[in-house]
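Readers should treat all values here as calculations from the given coordinates under stated rules, not as data from a laboratory. Everything numeric in this text was worked out from a predicted model, so none of it was measured. Please note: Cβ atoms are built from the backbone with ideal geometry, for glycine as well, and neighbour counts cover all protein chains shown.
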Amino acid sequence: LAQQARAISAQSNPDEVQVRGVREAVEIAEAVEGMLARIGSEQARTKAALESARDFAAVASHELRTPLTAMRTNLEVLSTLDLEAEQRNEVIGDVIRTQSRIEATLTALERLAQGELTTADDFVPFDVTELLDRAAHDAERTYPDLRVALVPSPVVLMVGLPVGLRLVIDNAIANAVKHGGATEVRLSVVSSADGVEITVDDNGSGVPEQERTAVFERFSRGSTASRSGSGLGLALVAQQAELHGGTAHLSTSPLGGAQLVLRLAATSRMEPGAVPARQAAATGP
């Protein structure tokens, strides 16, 4: 028991308590063993919480820099240029959307750091096609030399994390432009019995085949990445795919650059006109 106590004080993993001897000794040993298991579990949770806090700080910086820069640019335009009413309202609208997106991103990152992102209440029904259309519009405003096309498709509805998937698309486009030098991006989505598949193609330099798995790890940067890259963008892509019960992988795009394919589980898919179970329960027959 003294050895166990010293091991606990040193925050190391103590050896298993040996259970032997008379009944009273056995009961004491079993009680101590249970206590050690609980203490070990709490130590692991504390360590995981600290790691999550560090990850949150790094991811938050990476994910918020671009929209904050865009907001600052729009505010500078408003303060220095004499715009017509229509142009001014358009810029103000962009500022409001960016501010709302920053708030949503902060909320999502906070939940991600706390391990709460996958609670049932976070999964909501949304239109993937509409999400891609808005992402394409915002990307062309952020990168004036970039052309983003959305492949026409029927309405694709799913239950998932729209804020997280929007981050995935934004990260894929940002990687294509900043690290691949892309001038053209194509977004597409298809729905089938197997689930929902989102594809992002670009005409940039692509990702070398031998690096296509490693770049999904946190803080991993490909050989073609710029020095400004943090190595977190594709890690978030992989995490979002996993949260939706799916996978993410890179290959060569028909456009000549990289192709990111996000395959999401069939359980996320919704038929057009379907009523989510939660909503059906609330409205009744």
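For this structure, a couple of remarks:
- Highest mean packing first, where packing is the average number of other Cβ atoms within 10 Å per residue, the peptides 133-142, 207-216 line up as 133-142, 207-216.
- Gain in span if fully extended, Leu78 to Ala31, counting 0.36 nm per residue against the direct Cα distance: 10.1 nm
- Ranked by how many other Cβ atoms sit within 10 Å of their own Cβ, fewest first, the residues His249, His244, His179 fall in the order His249, His179, His244.
- Taking label points 7 Å from Cα along the Cα-to-Cβ direction, Arg134 and Ala44 give a separation of 3.9 nm.
- FRET efficiency, 1/(1 + (r/R0)^6) with R0 41 Å, evaluated for Ala104 and Glu211 via beta carbons: 0.85
- Maximal additional length on extending the Ala85-Thr252 stretch stands at 55.7 nm, based on 0.36 nm per residue less the C-alpha distance.
- Packing-based ranking of 200-206, 83-89, 35-41 yields 200-206, 35-41, 83-89, ordered from highest to lowest mean Cβ neighbour count within 10 Å.
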